[in-house]
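Heads up, the thing below is written out as structure tokens.
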Amino acid sequence: MSTNLRSLRAIGAAADRDAEQWRRGEGPVVAAATGEETLVEAWSDGVTWITAVPGSWTQEGPSVLSVYTDHEPKEDDLRIIDQVEPLLATATAVIEFCADEVLRADQMVEMVQNRRLIEQAKGLLMGAVRCDAAAAFRTLVRSSQHFNVKLRDLSAGLVEVVGGTAVGEQEPGTGPTTSPPPPAVRAARLTWQALERGG
């Protein structure tokens, strides 16, 4: 796991409970930071529930949104949390990029484009296997780890393999100008074939 994980903002129950999980090196927030899955668990007090949603932005490491509630999250709660996570992650990333004076505007554009590719790849998987966004993201992460390719490159490869158009040739402003490396395209092709076979 990345050693540079830190809390960007915590309010209410999250302030102490997230910090406690980081200190212990275990718990839903720490587990979600591996990018494996959305975790919904009862907190140790038996009254509070936590939903930890993994996300990804750069090679720097994962992002995690943790939400504490006074009731077991229902399907509608999880759907709203899943919809809010990309928006919060985008806003956080933009703030982080803007706060660092040495980062150039093209890096911010690349970051947004990378996120767009990941979201497109998630959409492809959701349509192919009829799963929710969290399950699609888990599949992307597992495939990325299995083939040892960056999540962004695997996502770009899937967009190319399924769409039949190189990401660099897409409509201006919708993707990066360079295609994913051959190992990522191969990983995307094998991933898509496995999904088509139902595996």
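The values are calculated or read from the model by the stated rules, or taken from the named source; none is laboratory data. Since we're looking at a predicted model, the values are computed, not measured. Counting neighbours? That spans all protein chains shown, and the Cβs are built from the backbone with ideal geometry, glycine included. These area figures cover heavy atoms from the full protein model, side chains too; ligands, DNA and RNA do not enter into them. Shrake-Rupley method; radii C 1.70, N 1.55, O 1.52, S 1.80 Å.
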Cleavage-rule hits (chymotrypsin sites (Phe, Trp or Tyr not before Pro)) in region 9-51: DSSP loop, at most 16 neighbouring Cβ within 10 angstrom: 43
Rounded to the nearest 10 Å², the accessible area of residue 151 at probe 1.4 Å: 20
Listed peptides 24-30, 83-89, 121-127 by packing density, highest first (mean Cβ within 10 Å): 121-127, 24-30, 83-89
Surrounding net charge for residue 46, when Lys and Arg each add one and Asp and Glu each subtract one, Cβ distance under 15 Å: -3
³J(HN,Hα), Karplus 6.51/-1.76/1.60, whole Hz, each residue of region 39-50, x for Gly, Pro: 10, 10, 9, 7, 6, 4, 7, x, 10, 8, 10, 10
Simple spin-label estimate for residue 10 and residue 76 in nanometres, 7 Å along Cα-Cβ: 3.0
